[in-house]
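First up is the structure itself, then whatever we jot down about it.
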Amino acid sequence: MHRFANPARFTRIADRVLPFVAVAALASLGIGFYLALFVAPGDYQQGESVRIMYVHVPSAWMAMFIYVAIAVASAVALVWRHPLADLAAKASAPIGAGFAFLTLATGSLWGRPMWGTWWEWDGRLTSMLILFFLYLGHIALMHAFEDQQRGYRAAAVLALVGVINIPIIKFSVDWWSTLHQPASVLRLDGPTIHASMLWPLLITALGFKLYYLVLVLLRIKSELIAARLRALDLAKLSAT
Amino acid sequence: MSGLVLIVGRDLRLALRQSADAWLAVLFFVLTGALFPFGIGPEPSLLKLIAPGVIWVVALLAVLLSLERLFLADYEDGSLEQLLLSPLPLELAILGKVLAHWLTTGLPLIAAAPLLAVLFNMDMAGLGVLLLAMLLGTPILSLIGAIGAALTLGARRGGVLIPLLVLPLYIPALIFGVGATDAALAGLSARPDLMLLAALLLVMLVITPLAGAAALRQALE
């Protein structure tokens, strides 16, 4: 793994991988949204508004996935002092916050016709709101220090504390109030959602994940370039 | 172990010499609680209904007020570095500081809680459970808060940052604390909520020393 710690090697590999990932992301998002909007059936109760699901559910998955990814990157950064892991955590946080916000916004739009209200203090909606706040805290702490290294360390500790607490928060909020439908895809006894809706959902979810990969690679690359620019500026200053 | 006692004793002495700080938290607690009837109207049945929730939320905010000072004074005068160099494990030192913080903030709040309960016309049958839940819950607030205080040492606008980091993590304690009291008021068993609060306390007793020590070490690096 330490072989990939080298920023120059990372940039080389990222440059080679990026076009393929970008094309795959575009293709799966295109196919997924086409299937979701034109091929998949409307719901017999919810009608056409069920199509919000094809954005809502993948973003919710991504918001949770990215927080776990940040926690893993943070653990790697704290244990092995891996500079790219710090950058990965920093690059991922705003994307995760964006997905959490997208989940809340689409959930609210979906809740209006279905539940008759823009916002309901329902367990799963509320835990997504709390996850959004956790992201904001992580981003704020990351940028709160003069010394960027301290920001990385502090945010990494916070991410690990957060990831331990997320199941507790989720459980307590579910206990507190729930109106949401229970999970219907990731279940032990197989998905309860029909295949004509499941496939578009899975393809858009894949598209979201690839899109995240594209963004994170681009953001890490631009961070590396920015660090290099700063180093060059400093070198120029010390030369004069 | 004697080192732990020394740290608690030192922090308690410091707090007693500036006893205004502890009073301030209690004053804030009662004053903020007393604002609610002005906001929502003096209807006794309504106040009675929201009493446990208001008491918990206000207690949470009062604890938040005192968190920034938890490590800041020691950080600024260098005694935190001495603590790091001392043979006492930093994890244990943090537990000592948290214990002292709870004794000077959490405990006075519990003592003041019956006053708010009376002001809100709460059913006195629930008072015992409310106090028991606060006895289990306020140490959780101090423990989680200590992580936030350690992480923001030396940060720009550290005091504003702490609530943003800590409040989302406070939600389970709030839910179970209010849940226990509400159950007791409704004539149900408060036992499950109290047990969950105790479990949360035990979990945080493990996490806080580890995370807090990691945060302090990187702050003093």
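The values are calculated or read from the model by the stated rules, or taken from the named source; none is laboratory data. Everything quoted here is computed from the prediction, not taken from an experiment. Because the Cβ atoms are built from the backbone with ideal geometry, glycine has one as well, and the counts that use them run over all protein chains shown.
Here's the yes/no breakdown for (1) crowded, with 21+ Cβ neighbours inside 10 Å; (2) out of contact with any Cys (no Cβ under 7 Å at 6 or more places or on another chain); (3) modelled with pLDDT under 85:
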site: A:149; (1), (2), (3): no, yes, no
site: A:156; (1), (2), (3): yes, yes, no
site: A:161; (1), (2), (3): yes, yes, no
site: A:164; (1), (2), (3): no, yes, no
site: A:191; (1), (2), (3): no, yes, yes
site: A:196; (1), (2), (3): no, yes, yes
site: A:219; (1), (2), (3): no, yes, no
site: A:229; (1), (2), (3): no, yes, no
site: A:232; (1), (2), (3): no, yes, no
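Residues are listed down the side, and each one gets a yes or a no for (1) surrounded by fewer than 21 Cβ atoms within 10 Å (Cβ to Cβ); (2) closer than 19 Å to residue B:163 by Cα; (3) modelled with pLDDT under 90:
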| residue | (1), (2), (3) |
| --- | --- |
| B:46 | yes, no, yes |
| B:56 | no, yes, no |
| B:66 | no, yes, yes |
| B:76 | yes, no, yes |
| B:79 | yes, no, yes |
| B:92 | yes, no, no |
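Give me a count of the residues in region A:115-148 that are without any contact (Cβ under 8 Å) to a residue 24 or more places away in the chain, in a helix (DSSP H, G or I) and more than 7 Å from chain B (Cβ to nearest Cβ).
1
When you check residue B:166 against the structure, is it part of a helix (DSSP H, G or I), of a type in the set (Val, Ile, Thr) and more than 30 Å from residue B:74 (Cβ to Cβ), yes or no? Before you say what the answer is, go through the steps one by one.
Numbers: part of a helix (DSSP H, G or I): yes; of a type in the set (Val, Ile, Thr): yes; more than 30 Å from residue B:74 (Cβ to Cβ): no.
No; evaluated as a whole, the condition is false for this residue.
What helices (runs of 4 or more DSSP H), lying completely within region B:1-102, carry at least 2 residues that are of a type in the set (Phe, Trp, Tyr)?
Numbers: elements: B:2-17, B:20-40, B:44-67, B:69-77, B:79-85, B:90-101.
It comes to B:20-40, B:69-77.
(1) more than 9 Å from chain A (Cβ to nearest Cβ); (2) more than 23 Å from residue A:132 (Cβ to Cβ): which one isn't true of residue B:214, the others all being true?
(1)
If I filter region B:201-209 for residues that are assigned to a helix (DSSP H, G or I), more than 9 Å from chain A (Cβ to nearest Cβ) and without any contact (Cβ under 8 Å) to a residue 12 or more places away in the chain, do I get at least one hit?
Looking for residues that are assigned to a helix (DSSP H, G or I), more than 9 Å from chain A (Cβ to nearest Cβ) and without any contact (Cβ under 8 Å) to a residue 12 or more places away in the chain, one finds at least one in region B:201-209, hence yes.
Output the number of the condition that residue B:167 fails; it satisfies all remaining conditions of (1) within 10 Å of chain A (Cβ to nearest Cβ); (2) buried (at least 20 other Cβ atoms within 10 Å of the Cβ).
(2)
Given the criteria assigned to a loop (DSSP other than H, G, I, E, B), hydrophobic (A, V, I, L, M, F, W, C) and away from every other protein chain (no Cβ under 14 Å), does residue B:134 qualify?
Working: assigned to a loop (DSSP other than H, G, I, E, B): no; hydrophobic (A, V, I, L, M, F, W, C): yes; away from every other protein chain (no Cβ under 14 Å): yes.
Taking the combined requirement at face value, the residue does not satisfy it.
For the subset of region B:141-160 comprising residues that are assigned to a helix (DSSP H, G or I) and at pLDDT below 90, which member is farthest from the other protein chains (Cβ to nearest Cβ)? Working first, answer last.
First pass over region B:141-160, keeping only residues assigned to a helix (DSSP H, G or I): B:141-151, B:158-160.
From the residues that got through so far, the ones that are at pLDDT below 90 too are B:158-160.
Numbers: B:158: 7, B:159: 11, B:160: 9 Å.
Once the filter is applied, the top-ranked residue is B:159.
If only one of B:198, B:183, B:219 is at pLDDT 90 or above and in a helix (DSSP H, G or I), which one is it?
Result of the check over B:198, B:183, B:219: B:198.
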